[in-house]
Amino acid sequence: MKKGLLIILSGPSGVGKKTLWSSFINDKSLDLVFSISMTTRKQRPGEIDKKDYFFLTKEEFKKNIDNGKLLEWATYVDNYYGTPKDFVEQQRNNGKNVLLEIEPQGALKVMDYFRKIKDDKILTVFISPKSFDALKERLAKRQTENDSIINQRIEQSKWELTTSKYYQHTIINDNLAIASSQLYKIIKDAINKNK
């Protein structure tokens, strides 16, 4: 059985990453599994523990760091986020293509790790907003955070946008249907090449 791809989907918070892949995550021909991240941030309304995220305390998260259980981890707006290593490797060894939706800080760490272990079964896609104003509007529309947090996320996105050059592909999410279609084609082509 061929080892599955690790598909990194990244970009600033609020750029619409989940919206883009949610329309085709269950497409059987892609054999996709969503990698559930760990976080210490508060659970948002409608989010389900162990489905949307593994919600942990800071102490629990730090134990995972100390025990080498994370593929990557980062702090973002005073919270920890990370990717459980065992889950990703088990799925890939079973031939599944693992979709990892993470912020650029963590994505760069994973890319570096894959280079070091010489694993080229990785696809990286950066999702970019049309503009800062469009990103700010999206973050405000979510109504999940106060203005202070939104402003922190906007400031962070200025650096994040400079990282797009490290990805294999960049998609500007200006039109949801077009961007989702572009993402689907990039993923489908990479999976077909890996067969």
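The values are calculated or read from the model by the stated rules, or taken from the named source; none is laboratory data. What you are looking at is a predicted structure, and each value in this text was computed from that prediction instead of being measured. Counting neighbours? That spans all protein chains shown, and the Cβs are built from the backbone with ideal geometry, glycine included. We work out accessible area using only protein heavy atoms, side chains counted, and drop any ligands, DNA or RNA first. Shrake-Rupley method; radii C 1.70, N 1.55, O 1.52, S 1.80 Å.
A few notes on this one:
- Of the listed requirements (1) at pLDDT 90 or above; (2) surrounded by 13 or more Cβ atoms within 10 Å (Cβ to Cβ), Asp120 misses just one: (2).
- Within region 2-18, restricting attention to residues that are aliphatic (A, V, I, L, M) and within 10 Å of Lys96 (Cα to Cα), the residue that is nearest to the chain's Cα centre (by Cα) is Leu6.
- Residues within region 29-67 that are over 14 Å from the mean Cα position of the chain (by Cα), closer than 22 Å to Asn94 by Cβ and small (Gly, Ala, Ser), tallied: 1
- Residue in region 104-114 that is under 20 Å from Glu72 (Cβ atoms), β-branched (Val, Ile, Thr) and in contact with a Lys or Arg (Cβ under 6 Å, 6 or more places away or on another chain) present: no
- Considering region 50-76, and only residues there that are closer than 15 Å to Gly106 by Cβ and not hydrophobic (A, V, I, L, M, F, W, C), the residue that is surrounded by the fewest Cβ atoms within 10 Å (Cβ to Cβ) turns out to be Thr75.
- Options Leu161, Leu176; residue that is in contact with a Gly (Cβ under 9 Å, 6 or more places away or on another chain), open to solvent by 70 Å² or more (accessible area, probe 1.4 Å) and within 16 Å of Val125 (Cα to Cα): Leu176
- Identity of the residue in region 21-49, in contact with a Phe, Trp or Tyr (Cβ under 7 Å, 6 or more places away or on another chain) and of a type in the set (Ser, Thr, Tyr), that ends up surrounded by the most Cβ atoms within 10 Å (Cβ to Cβ): Ser37
- Qualifying positions in region 164-173 - open to solvent by 80 Å² or more (accessible area, probe 1.4 Å) and either among the hydroxyl-bearing types (Ser, Thr, Tyr) or not in a helix (DSSP H, G or I) (or both): Tyr166, Gln168, Ile172
- Residues of region 108-134 that turn out to be touching an Asp or Glu at 6+ places or on another chain (Cβ under 8 Å) and closer than 14 Å to Leu9 by Cβ, as a count: 1
- Any hit, region 2-10, residues being open to solvent by less than 40 Å² (accessible area, probe 1.4 Å), closer than 21 Å to Glu160 by Cβ, of a type in the set (Val, Ile, Thr) and in contact with a Leu (Cβ under 8 Å, 6 or more places away or on another chain): yes
- Among the residues listed as Ile150, Ile154, the single one being open to solvent by less than 30 Å² (accessible area, probe 1.4 Å), touching a Phe, Trp or Tyr at 6+ places or on another chain (Cβ under 7 Å) and over 26 Å from Asp27 (Cα atoms): Ile154
- Among the residues of region 96-117, those that are more than 16 Å from the chain's Cα centre (by Cα) and exposed (fewer than 13 other Cβ atoms within 10 Å of the Cβ) comprise Arg115, Lys116, Ile117.
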